[in-house]
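Enquirer: I'd like to ask you about the structure that follows.
The values are calculated or read from the model by the stated rules, or taken from the named source; none is laboratory data. No experiment lies behind these values; they were computed from the predicted model shown. Heads up, the Cβs are rebuilt from the backbone with ideal geometry, glycines too, and the neighbour counts pull from every protein chain shown. Accessible surface is based on the protein model in full, side chains and every heavy atom, while ligands, DNA and RNA are left aside. Shrake-Rupley method; radii C 1.70, N 1.55, O 1.52, S 1.80 Å.
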Amino acid sequence: MLKLISSSRIHRRHPTVGPVLRLAADSTSPLLRVLGSLGGLSSGNSNLGRRLFFCSDSGDGSDHVVDAEVKAAEESQSKASAIVSTYPRPEDYLTVLALPLPHRPLFPGFYMPIYVKDPKLLAALQESRERQAPYAGAFLLKDEPETDPSVVSSSDTEKNVYDLKGKELFNRLHEVGTLAQISSIHGDQVFLIGHRRLRIIEMVSEDPLTVKVDHLKDQAYNKDDEIIKATSFEVISTLRDVLKTSSLWRDHVQTYTKHIGDFTYPRLADFGAAISGANKLQCQQVLEELDVYKRLKLTLELVKKEMEISKIQESIAKAIEEKISGEQRRYLLNEQLKAIKKELGLETDDKTALTGKFRERIEPKREKCPPHVLQVIDEELTKLQLLEASSSEFSVTRNYLDWLTALPWGEYSDENFDVTRAQNILDEDHYGLTDVKERILEFIAVGKLRGTSQGKIICLSGPPGVGKTSIGRSIARALNRKFFRFSVGGLADVAEIKGHRRTYIGAMPGKMVQCLKNVGTANPLVLIDEIDKLGRGHAGDPASALLELLDPEQNANFLDHYLDVPIDLSKVLFVCTANVVEMIPNPLLDRMEVVAIAGYITDEKMHIARDYLEKSTREACGIKPEQVEVTDAALLALIENYCREAGVRNLQKHIEKIYRKIALQLVRQGETIDAPVASAQSIEPKKAEVDFDESVQNIIQKENSVESSNPERMVETSTEVDKVQTDLLADQSTDMEVAKERDEGKEIETKMIEKVVIDKSNLTDFVGKPVFHAERIYDQTPTGVVMGLAWTAMGGSTLYIETTIVEEGEGKGALHVTGQLGDVMKESAQIAHTVARGILLEKEPGNPFFANSKLHLHVPAGATPKDGPSAGCTMTTSLLSLALKKPVKKDLAMTGEVTLTGKILPIGGVKEKTIAARRSEVKTIVFPSANRRDFDELAPNVREGLDVHFVDDYIQIFNLAFGEEQSQNIEK
């Protein structure tokens, strides 16, 4: 398409073009002046190489052009600096070379560069120019019959043009073309200037294609014809409208409007057609039209179409501009701003870098992120751009966005619902704890059937050191969840859970938001440690704040004060730990599923110490298994005399203490071995180095002599080496020992170190004197003393209740209680006193013991506070034992609360109390009947070997304790 103004091939002006065009512009003809100005031929026009017109035509003024060219040729000093003479006149050329134009026709008065690939044609053009006949015929190429002209690509067209030769090319040319002056030739590029219309008559020669032509002239027309004038004015008006929507042809249209009276109608028609965006066939139709009026009409149609195209272009641009809105428009503007800053040499400011960082961080999560969170992030990013970097609000917004974009919105870790694998992991990490493991496996099984697992709140309760925290880690490993632990012991500030308001200086989100940021997933396992030790201060009630966090109905929309956007915590698995469940507020406890861990009996502690604690401690101390042996008797003594608590943390500390002392002992032995070796080497090193074989023979002889003098000497390798070492040191025979050690190297050093054996006999050397003695103070409890069972936070324990007579006398009956007892136990003592008086009155009506005796009831270990509703029957039995002057049955322990009517009420801590009884080697235990279910749930190894009686009334205990006839209601 011939758009001369936009052709990138004509951006520079060739020297041969200038003189001719300037001469044409200086002509006295008004038409030539107009066309010269249209061509941008003034000295100050920068578009000279873009829009060029050559004013030579068959009409008026052609002689002036010829004369000007002749003068220019005569004045030229070089052929390359001016166009050669065109004498004879252009109309005298009736036979010309045919040049095919693939894209658009060449109009008279316009300038066009073309490429000529045919070497013969190029040589012929060069020769014509040198013969001062620089003219050729430029004819538009017809499209192939089978192709659509609107679809054929330019590359295909050019390729077809170069391949056409001779008659085939002649048949593809349009009949009407343009006589073109060859302005210059640069390589295969030929610059043409159109002069007048031609019509092909016949072909003269084929290679290069030469044709005979006839020069065409415009038909005569009346310049004053109103219709022609109106048509031409409409063409100019339309071109003016095109200028409003498109500045593509601004220079040409402005030139025409300035010289509206100095133009010819044929030239106006050619101009309009040449600059229009019409296809080549329509332009060819204008070129072939010789009737000026019809030509103007055709041109008017083309410029009207150009106007419509400009309107469509404007509407498309407007529609696209409206479509690019919001984020796209902002992105484009930001990119432009970056480019401008880069051009100006300005560095990217902090705000732009921060905004870019936050957008990059949230972009991968955008699809999973909740819409309300995305809206808040976008709003805060917009606010960040408007704030000054030095303002306090800027830092607040920056920190807020940092937290918002760092959270794992919608990102979940893949859970493993393999029950067998979870079972193996739990067994690998923990011994026993069947109830806890079963509950975890149930949770995994439900998750597998549902395909997803909702978060639960499991509360592990039990004494310290039983492994509650480590169980949480094992659960996380079994489920393939991330693990996060935070302790709330002594927590008194609600902001630690719910976060601070952003208005405060140093505000931070709560622990849960920090947890999600740290673990990077929205479904971690969160261990809330020591939940029973929550504090309560001036900053609110943390226990109440935990309700929203732990309530399954609320934590799907947990609202942190700092973030102030709802967070979904429904997939989080919460595991809480507590020592005393009763210390947990009831509303909080109601939302948990309590799994009690009572502690470990001696057998379980033995397994744990042997399989877990000893192994890990040995590896931590760098000691090899073959260097140390801890006997079962030593472990049992360690457990019973040093580590009686329910947990195993203290047991682990004692095992670590043992292995540290062993490590020190091994290192000292190693240094003792190294010292003699070093001294021996320093005395006589040369002898060992000179004759190695001789040294070996000397050693053998020495050993034989030693054996003959000491026939009872042991032949074991380790013992023999020990004695040889001793003899050598005693006899100062270091010369032989040096050679032997050089031969055997480190092997002897290893044998020197004896294996350390830890037995019950030497256990005190490693851990000191026993901390605990037997809880049983009496093998056979004396009169007035009864063993009771108690529950403590450290597990179960046995305690004695002692009663003695302070004073006897008429009417001096009274009871004094000591042992730092709480209110409940003081009341239990009063009830026991009343019940005992009633039973004594029933059994021995004439015995005035309680009426005349001032009694003192004491519970030993007075430094330890004691309270709880489970000592009533024990106190009653102690009082009756003193009154009847009968000791209770041997190896008997009891627990249970008694009422004034003698009924036995249920108690708690059955497992702990049973373990305490086993530890004290008690065989007979009395429990309330209501606790039968709790006892039946205990592990078989805990119940084994115990004679347990379940009672409803105190009379049953009385009969059992004092050896009277057994009641049929006693159940064993």
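Enquirer: Looking at (1) assigned to a helix (DSSP H, G or I); (2) over 16 Å from residue 467 (Cβ atoms); (3) over 41 Å from the mean Cα position of the chain (by Cα), can you tell me which one residue 644 breaks?
Expert: Here residue 644 clears every test but (1).
Enquirer: Something else now. Answer yes if at least one residue in region 908-915 is assigned to a loop (DSSP other than H, G, I, E, B), open to solvent by less than 10 Å² (accessible area, probe 1.4 Å) and small (Gly, Ala, Ser), and no otherwise.
Expert: no
Enquirer: Scan region 419-451 residue by residue and report those that are touching a Lys or Arg at 6+ places or on another chain (Cβ under 8 Å) and either in a helix (DSSP H, G or I) or free of Cβ contacts under 8 Å to residues at least 40 places away in the same chain (or both).
Expert: Scanning region 419-451 gives 419, 423, 425, 426, 427, 429, 443.
Enquirer: Follow-up question, since we're still on this one. Looking only at region 356-411, which residues are hydroxyl-bearing (Ser, Thr, Tyr) and without any contact (Cβ under 8 Å) to a residue 12 or more places away in the chain?
Expert: 382, 390, 391, 392, 395
Enquirer: Against the conditions (1) touching a helix residue (DSSP H, G or I) at 6+ places or on another chain (Cβ under 6 Å); (2) over 28 Å from residue 891 (Cβ atoms), where does residue 830 fall short? Just the number, please.
Expert: Failing condition for residue 830: (1).
Enquirer: Can you tell me which residue among 662, 655, 639 is under 24 Å from residue 943 (Cα atoms) and not in a strand (DSSP E or B)?
Expert: On the way: 662 fails: under 24 Å from residue 943 (Cα atoms); 655 fails: under 24 Å from residue 943 (Cα atoms).
Among 662, 655, 639, only 639 is under 24 Å from residue 943 (Cα atoms) and not in a strand (DSSP E or B).
Enquirer: Moving to a separate point now. For region 609-626, does any single residue satisfy the condition of being open to solvent by 30 Å² or more (accessible area, probe 1.4 Å), in contact (Cβ under 8 Å) with a residue 24 or more places away in the chain and aliphatic (A, V, I, L, M)? Steps first, answer last, please.
Expert: Of all residues in region 609-626, those open to solvent by 30 Å² or more (accessible area, probe 1.4 Å) come to 610-612, 615-616, 618-622, 624-626.
Still in the running and in contact (Cβ under 8 Å) with a residue 24 or more places away in the chain: 610-612, 618, 620-622, 626.
In the following step, the residues that additionally are aliphatic (A, V, I, L, M) were identified as 620.
Yes; the residues of region 609-626 include at least one that is open to solvent by 30 Å² or more (accessible area, probe 1.4 Å), in contact (Cβ under 8 Å) with a residue 24 or more places away in the chain and aliphatic (A, V, I, L, M).
Enquirer: Tell me which residues, restricted to region 455-491, are open to solvent by 30 Å² or more (accessible area, probe 1.4 Å) and in contact with a His (Cβ under 8 Å, 6 or more places away or on another chain).
Expert: 470
Enquirer: Further, regarding this structure: Testing residue 259 on (1) in contact with a Pro (Cβ under 9 Å, 6 or more places away or on another chain); (2) modelled with pLDDT of 80 or more, one condition comes back false. Which one is that?
Expert: (2)
Enquirer: For region 287-315, how many residues are of a type outside the set (Val, Ile, Thr) and either over 17 Å from residue 233 (Cα atoms) or not in a helix (DSSP H, G or I) (or both)?
Expert: Step one: list which residues in region 287-315 are of a type outside the set (Val, Ile, Thr), which gives 287-291, 293-298, 300-302, 304-308, 310-311, 313-315.
When the remaining residues are screened for being either over 17 Å from residue 233 (Cα atoms) or not in a helix (DSSP H, G or I) (or both), the result is 287-291, 308, 310-311, 313-315.
Number of matching residues: 11.
Enquirer: Condition test on residue 902, is it at positive phi and open to solvent by 30 Å² or more (accessible area, probe 1.4 Å)?
Expert: Details: at positive phi: yes; open to solvent by 30 Å² or more (accessible area, probe 1.4 Å): no.
Spelling it out, it is not the case that residue 902 is at positive phi and open to solvent by 30 Å² or more (accessible area, probe 1.4 Å).
Enquirer: Please work out if residue 892 is open to solvent by less than 20 Å² (accessible area, probe 1.4 Å), closer than 18 Å to residue 830 by Cβ and touching a strand residue (DSSP E or B) at 6+ places or on another chain (Cβ under 8 Å).
Expert: Against the criterion (open to solvent by less than 20 Å² (accessible area, probe 1.4 Å), closer than 18 Å to residue 830 by Cβ and touching a strand residue (DSSP E or B) at 6+ places or on another chain (Cβ under 8 Å)), residue 892 does not qualify.
Enquirer: Looking at region 546-586, which of its residues are hydrophobic (A, V, I, L, M, F, W, C), open to solvent by 10 Å² or more (accessible area, probe 1.4 Å) and either assigned to a loop (DSSP other than H, G, I, E, B) or closer than 29 Å to residue 464 by Cα (or both)?
Expert: 547, 580, 581, 583
Enquirer: Would you please list the contacts, defined by Cβ atoms under 7 Å and residues six or more apart or on different chains, that run from a residue in region 769-798 that is closer than 29 Å to residue 815 by Cβ and open to solvent by 40 Å² or more (accessible area, probe 1.4 Å) to a residue that is modelled with pLDDT of 75 or more and hydroxyl-bearing (Ser, Thr, Tyr)?
Expert: 775/797; 775/798; 775/920; 776/920; 777/800; 783/881
Enquirer: Please give the number of the condition residue 528 fails out of (1) over 33 Å from the mean Cα position of the chain (by Cα); (2) at pLDDT 90 or above.
Expert: Answer for residue 528: the failing condition is (1).
Enquirer: Exactly one of these conditions fails for residue 521: (1) in contact with a Pro (Cβ under 8 Å, 6 or more places away or on another chain); (2) of a type in the set (S, T, N, Q); (3) not in a loop (DSSP other than H, G, I, E, B). Give me its number.
Expert: (3)
Enquirer: Looking for whichever is within 25 Å of residue 299 (Cβ to Cβ) and either modelled with pLDDT of 70 or more or more than 60 Å from the chain's Cα centre (by Cα) (or both) here; the options are 119, 108, 88, 134. Which one fits?
Expert: One residue alone meets the criteria, 108.
Enquirer: Looking at 938, 900, 879 in this structure, which one is more than 30 Å from residue 772 (Cβ to Cβ) and either touching a helix residue (DSSP H, G or I) at 6+ places or on another chain (Cβ under 8 Å) or assigned to a strand (DSSP E or B) (or both)?
Expert: Numbers: 938 fails: more than 30 Å from residue 772 (Cβ to Cβ); 879 fails: more than 30 Å from residue 772 (Cβ to Cβ).
Selected residue: 900, the only one of 938, 900, 879 that is more than 30 Å from residue 772 (Cβ to Cβ) and either touching a helix residue (DSSP H, G or I) at 6+ places or on another chain (Cβ under 8 Å) or assigned to a strand (DSSP E or B) (or both).
Enquirer: Restrict the check to region 435-449 and report whether at least one residue is over 24 Å from residue 416 (Cβ atoms), of a type in the set (Val, Ile, Thr), at pLDDT below 90 and open to solvent by less than 50 Å² (accessible area, probe 1.4 Å).
Expert: Checking region 435-449: not a single residue is over 24 Å from residue 416 (Cβ atoms), of a type in the set (Val, Ile, Thr), at pLDDT below 90 and open to solvent by less than 50 Å² (accessible area, probe 1.4 Å).
Enquirer: Whether any residue in region 962-972 is open to solvent by 50 Å² or more (accessible area, probe 1.4 Å), at pLDDT below 90 and outside any loop (DSSP other than H, G, I, E, B) is what I want to check.
Expert: Within region 962-972, one or more residues are open to solvent by 50 Å² or more (accessible area, probe 1.4 Å), at pLDDT below 90 and outside any loop (DSSP other than H, G, I, E, B).
Enquirer: Those residues that are among the small types (Gly, Ala, Ser), surrounded by fewer than 19 Cβ atoms within 10 Å (Cβ to Cβ) and assigned to a helix (DSSP H, G or I), I need them from region 200-242; list them, please. Walk me through how you get there before you give the answer.
Expert: We begin by selecting, within region 200-242, every residue among the small types (Gly, Ala, Ser); these are 205, 220, 230, 232, 237.
Checking which are surrounded by fewer than 19 Cβ atoms within 10 Å (Cβ to Cβ) leaves us with 205, 220, 230, 237.
Correct list: 230, 237.
Enquirer: Exactly one condition in (1) modelled with pLDDT under 80; (2) open to solvent by less than 50 Å² (accessible area, probe 1.4 Å); (3) under 27 Å from the mean Cα position of the chain (by Cα) is false for residue 377; which is it?
Expert: (1)
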